[in-house]
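Taken together, the values in this text are just the output of simple stated rules run on the coordinates, not laboratory data. Note that the structure is predicted; figures quoted are calculated from it, not measured. With ideal geometry, Cβ positions are generated from the backbone for all residues, glycine too; neighbour counts draw on all protein chains shown.
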Amino acid sequence: MDNNFPLEEKLYRAVFPPEIREMFWKENGKVSSAAFLDKKGLSVERGNFRQDSDVLEKMKSFFIGKVISVTVKNCFDIKAIPKYLPSERSVFHSEIHGSETVVILSPSQRKVLAENSETVGDL
Amino acid sequence: MQSLALQTFAKQVELFSYVEQLSAMEIILSAMKKHQTKENTTDFFSNKADYEVASTYDKNKIKNLEKIEKIKILPKNWNGNGAENFSKNLISIIRNLVLDLKIQPELFPTADDSIQIEYEKENGDYLEILVSENNKFDFFQIKNKIETTGKIDSSSEKINEMIGEFYGQ
């Protein structure tokens, strides 16, 4: 894996806090764009074309909460940039940045990502 | 008038949970604080505006106050990425705002030292305000598919105005 992200690749995000799983879900059943706001950078796990179940199984070892996914195309469509940032914890760790120079996503980018996200499962 | 209003309100409050009752009491106390004067201190519910606040028992407001209680106790690193817990001051700001808002939003914590309030219409119009400890709050609005971002004064009056305009009131 490198910093090239194919358009169809999925990016998975665990939505905390696990204690109150519905904290970020709206009455209409959609996730709020607030779940995509993190001043430290929006952490995700890149799918690298694994099965959802395999990704969940792996994430289960270090996350709890609901898992949602967006595609790399969803990011590129709004000029957001996926960055491959493997860590000691996970070789799949990545972040979605607002641009090449801005870490935080804009409100508009967050809203589009929230609308296009899919709920994958619970950890 | 006072007695009738209290009895009516008490009956409504009985229908809700303990936490909801506590939140309901906060609404009353807030209303009392706002409208209380030397002249009407002992005659709170004779004030029509106060009675309306108390008797217009807003379930969405209660729901939001309950959610704020949940946000208040989120521990440090609640998002798994080092987010701070929410300051007492920010919790106080959002509680007072919720108490003052004429139309209740949906609200969500963020990992950016803010609490996001949202309004959304079926036609896709959308209004989001990031409530923080700053004097001005960031907002993002989509109206007739036109996106606008900016800052708004943190006063409840200004925010109520913006929400009123969003709903065409």
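Which whole-number percent gives the relative contact order of chain A, counting Cα pairs below 8 Å spaced six or more residues apart? The normalised contact order for chain A reaches 35 percent.
Using Cα pairs under 8 angstrom and six or more residues apart, how large is the relative contact order of region B:64-169, in percent? Normalised by residue count, the contact order of region B:64-169 is 17 percent. Taken residue by residue and averaged, Cβ atoms of other chains lying within 10 Å of the Cβ of B:99-112 number 4.
Close amide H contacts of A:Asp38 (hydrogens built in the peptide plane, cut-off under 5 Å, sequence separation of 5 or more or a different chain): A:Leu105. Each residue of region A:22-27 is assigned a 3J(HN,Hα), and the resulting list reads 8, 3, 9, 9, 8, 5 Hz, derived from the Karplus form 6.51 cos²θ - 1.76 cosθ + 1.60 (θ = phi - 60°), x at Gly and Pro. What does the charge count near B:Glu120 come to, summing +1 for each Lys or Arg and -1 for each Asp or Glu among other residues with Cβ under 12 Å from its Cβ? Here the charged neighbours net out to -2.
Working note: Karplus 6.51/-1.76/1.60 with θ = phi - 60° gives region B:106-122 the couplings 9, 10, 9, x, 10, 8, 9, 6, 8, 10, 8, 10, 10, 10, 9, 9, 5 Hz, where Gly and Pro are set to x.
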